[in-house]
Each structure stands twice: as C-alpha cells, then as structure tokens.
Amino acid sequence: MAQLAYFADPLCSWCYGFGPEAAKILEDHPELELELVMGGLRAFNTEVMSAAFKEMLREHWRHVAAASGMPFSEAILERADFVYDTEPPCRGVVTARALDRAKAFDYFKAVQLAFYRDAREVTDASVLAGVAVECGYDGAEFARAFDSQPMRDAVRGDFARTQALGIAGFPTLAVGYGSALYLVTSGFVTADVLEHRLAEIERLLLEQSVAQRV
C-alpha cells in the first residue's frame, strides 16, 4: 500500500486551510495510508506574542481564510500572555497517533478547529485532553500518555525526521512507494492539483518500471 506522508503542524494556518483538500484526497484514495508527521513550526517557543507578530498572523490568517473559506477567530490574538509554542499540540497529535492511529487525523483537525475557529488554548495539556475526549479517546489515558517521556521523545523524533528531509515549509505532502518519497506539494494547493500531481507521479513510476523491463 502506498503511503501519503503529511508533514504539518496543528498551529500552521496554511495547514488548517489545507485540511479539506487533504481530506478529499484521502476520501477519494482509500488505497493511500496516511502517515502524519509533526513539523514543529514554532516548537519550544517561550516568548509571548509581540504586536508585530500578532499583526503578521492576522494578515496570514486572512489570506488563508480567503483561499480556503475556513473560519477564523482572532480572539486569541487579543490576549497579552499567549505563548505560541507548537510543541504541545504537536505532541498531542503524536499521542493520538500512538493511542489510535485511525483517529489521529480527526484529532489533528479537531485541534486546528479548536484553535483557529474557537480560540481555545491548545498549548494547554488539559485542553488537548479535552479535544481528545471529543474525538473518542479516553481522557485520562490520553493525559497520562501525553505527559510521558516516550511521547516527548516521539514528537522530537517527528521534528528530527522533518528536518532531516529538509522540509521547512508546511503543509508538505509526499507519496511513498517502498522506501522512496515523491513530493506532491510544499504549500497550499487544491485537491484538483493534488489529484493531478499524484497521477503524474504514478505515470512516471509506471514508465520507469516499463523501461527497466525492456
């Protein structure tokens, strides 16, 4: 089975906008197995948001909303004490993946909605556990796993893999055949574009296979 490797961050606004496009591809291609890899966009940040950073985010969010139609609340940007650290939500997704891989993508999308649409503080462990319960996970089990050293190590492993592949922008989507990864997109595109690129990759691989047998 081919894998669809999705390198992303729950607090990447373009990943949020890209969600419906990725979901459509997965719906149309049940033969593709999703592999969620967390990128760590602003992992381990400790500084509160400056006025300039908030204004940059507002501009980005408005661009994403215009391109994707996804809803945004700017309420979180009104807070003076919010620290934009993406490690906790990334660890939340890694925890969800470890507990039940089949529900991890739904959890990833739920964290995005909680932050961008509902302005919930998804850097907080209790909020992340609450989102997990909403997605069908056991809250106590999730909270224990989330706070464990194995999950802290696992999310760092995701970040290291992303960096080792030279991926610096999100969303990045690649399709894997065997041990080889083929880039589908680095950045937001629509499902139609994704469909075309997947077909092109499949066509090129088929041509290579035929040529090797001649």
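The values are calculated or read from the model by the stated rules, or taken from the named source; none is laboratory data. Given the structure is predicted, the values throughout are model-derived calculations rather than measurements. No Cβ is skipped: glycine too gets one built from the backbone with ideal geometry, and neighbour counts run over all protein chains shown. We work out accessible area using only protein heavy atoms, side chains counted, and drop any ligands, DNA or RNA first. Shrake-Rupley method; radii C 1.70, N 1.55, O 1.52, S 1.80 Å.
The heavy atoms of residue 24 offer some 90 square angstrom of accessible surface to a 1.4 angstrom probe. Once Rg and the Kirkwood radius are both taken over the C-alpha atoms of the stretch 113-214, their ratio Rg/Rh works out to 1.12. By the rule of a second cysteine Cβ within less than 4.7 angstrom, the chain holds isolated cysteines at 90, 135. Take 65-72, 123-130 and order them by the average number of nearby Cβ atoms within 10 Å per residue, most first; the result is 123-130, 65-72. Grouping the Cα pair distances of the stretch 11-59 into 5 Å bins from zero gives a pair-distance distribution of 5, 14, 18, 21, 15, 10, 9, 7, 3, 0 percent in increasing distance order. Highest GNM mean-square fluctuation among 120, 156, 144, for the chain modelled with Cα contacts below 10 Å: 144.
Computed over the chain with a Gaussian network model linking Cα atoms closer than 10 Å, the most mobile of 33, 141, 87 is 141. Entry comment: accessible area of the stretch 1-57 is 42 Å² per residue, from protein heavy atoms only and a probe of 1.4 Å. Each Cα pair under 8 Å and six or more residues apart adds its sequence gap; the mean of these over the residue count of the stretch 145-214 is a relative contact order of 17 percent.
Summary of packing: across the peptides 48-60, 200-212, the per-residue average of other C-beta atoms within 10 Å ranks them, highest first, as 48-60, 200-212. Computed about its Cα centre, the charge dipole of the stretch 1-111 is approximately 140 debye, with only Lys, Arg, Asp and Glu carrying charge at their Cβ. With K and R counted +1 and D and E -1, the other residues having a Cβ less than 14 Å from that of residue 60 yield a net charge of 0.
Rolling a 1.4 Å probe over the protein heavy atoms gives the stretch 72-207 an accessible area of 47 Å² per residue.
Computing Kirkwood radius over Cα pairs in Å for the structure here picks out one of (i) 16.9; (ii) 18.0; (iii) 17.4, namely (ii).
For the chain, set up a GNM with springs between Cα atoms under 10 Å and report which of 163, 149, 112 has the largest fluctuation. Result for the chain, Cα springs under 10 Å: 149 fluctuates most.
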